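Values in this text are rule-based calculations from the coordinates and carry no lab data. Computed from a predicted structure; not experimentally measured. Neighbour counts run over all protein chains shown; Cβ positions are idealised from the backbone, glycine included.
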Amino acid sequence: MFERGKSFNSLNERLSGESSKLKIDDDRAVELIKESLQLHLRNQFSFEDLMGWRVPPEHLVAKDEVAKKKRDIAKITYRKIYETIAKFIENECNSNTGLLNKYDINRIRMASICEKALNECLGFGPIEPLFNDPLVMEIIIVNPFKIIIERAGRKVDISTPEKYSDDPELVKLLNKCGTFKSEDHCKAILERMLQPLGKSIDINRPISSARLPDGSRLMAQIYPISVDGTTISIRRFRQDIDENAYLEKGTWNKEVMDFLRNCVIGRLNIIVAGGTSSGKTTTLNILSSYIPKDEWPITIEDNAELQFKHPYVRRLEAREKNTEGLGEVTQRTLLRTALRMRPDRIVMGEMRGEEAYDVINANNTGHDGGLTTAHANSALDALSRILNMALTAGTGLPSEAIKGQIISAFDLVVYQERFRDGRRVITEISAIDENVKDEFSLINIFKYDFKSSTWKKNNELPFYYLDKMRKNGVNI
């Protein structure tokens, strides 16, 4: 990686020793040059370069040759932009007419100012360093002056680094961050997050959701919806988590992992259920990686968050109405479209509403091997929620009829929980009992025992699911 501060080696050392120079902090220095620096960067680089300067971590592209090439291009772009900013700041300090000429800024502080200038002009301002730490999973901007995060399962107030002296790495991260200077500063950074995605937020449309370039999910509200000023919630997804990481973290054991792999390959229709932030999407990513490479999967999502790698995956993302109330494309529309695209598998990121009815129909009309997630408080509750969602489709069918279709449409429920210490654990795997038609009934296969912290196998899969798997080449 480019060595930051190297571009300032030629800076006159006397700047740090002249008593006549005025004192100024880094944030104020950035504020003075920000407007002219932004104009300079726009004149020097293309829009694509200014949008693509972030360098993804190397471990995320290790097995993807195309991603490797994109990373190499991003490294070159980043180096050029950083050097341009460094030279600009050096000129502002050395030139007699420079905006920073009268201030006491030495070579070491130059690197810090350059880093903050990059974040302010092109990045996400004071919260940009948080996106470089893979352990930060939640970023909550309560208001422009109060920001909290969740890092490695620990809830942290970034404005009080002294409270976390037991974690030097965390303290180092927090010292690089900060809160916003004002409401306008916070809104400007929010608009920068939304702009590349073609989205906006204003008093007429005070709520916005988006998917950031790294796959993070953003939800934002501004005044008057948010009474105390702009509030932003950003949920990040670990892109380095795989089946082995789940083993190390105790999310599952090898028996559970092998069982679920066979169920995916055997084309069972699986629901991953759980509460908010329980790890459903990450689990869906891992399960999707078991889809055979010669199949043609299609993903459908409200906001594209799935990161699984497959040579033939086709990704579809829903679209909200524009400011004129036009252009909406729902998950339900995408699912109907996908059925005409010759899919071997349909992966629905999350069932949220009336599209549940179409998922049920797809599973019941020959589209086996589907994967999806749903919010629920238990495995059994997931089926009841799907029933309620399907009823909102307005088909006029009685609930008993839809209940019977749900029992036929889905085979397995994987329930996941988030513990108070931040761990995510698959606590239950149950098969839907197809012999009971008038109510939802589950046959528990695996159950997590909290006392022993192990999984207990209580039953085998029913014979009708085993037969289905054998037809698809899987014998267990």
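Points to keep in mind about this one:
- Cα gyration tensor category, rounded, prolate or oblate, for segment 426-476 with a/c compared to 1.5: oblate
- Largest first and in whole Å, the equivalent-ellipsoid semi-axes of the chain read 49, 23, 21, each the square root of five times a Cα gyration tensor eigenvalue.
- Take 457-463, 102-108, 266-272 and order them by the average number of nearby Cβ atoms within 10 Å per residue, most first; the result is 266-272, 102-108, 457-463.
- Listed pairs K80/K187; K249/K280; K68/K249 exceeding 22 Å between Cα atoms: K80/K187; K68/K249
- Annotation: average projected area of segment 243-471 is 13.4 square nanometres, based on the convex hull of Cα atoms across all directions.
- Cβ-to-Cβ counts within 10 Å put I298, I76 in ascending order as I76, I298, the fewest first.
- Cβ-based exposure ranking for K249, K199, K456, in which fewest neighbours within 10 Å come first: K456, K249, K199
- Here the label points at S95 and D157, each 7 Å from Cα along the C-beta direction, are separated by 4.3 nm in the simple model.
- The chain: relative contact order in percent, alpha carbon pairs under 8 Å with at least 6 residues between: 11
- Taken about its Cα centre, the chain carries a charge dipole of about 720 debye when Lys and Arg each add +1 at the Cβ and Asp and Glu each add -1 at the Cβ.
- Ordering 218-230, 32-44 by mean Cβ neighbour count within 10 Å, with the highest value first, yields 218-230, 32-44.
- From its DSSP helices (H runs of at least four residues, each -39,500 (n - 2.57)), the chain gives a residue-normalised ellipticity at 222 nm of -11000 deg cm²/dmol.
- Pair N475, L39: separation of 7 Å Cα→Cβ label points (nm): 7.6
- Gain on full extension, evaluated as 0.36 nm per residue between E324 and I76 minus their Cα-Cα distance, stands at 85.3 nm.
- Axial C-alpha extent at least 20 Å, average Kyte-Doolittle at least -1.0 - helices from the chain (DSSP): 26-44, 65-94, 107-121
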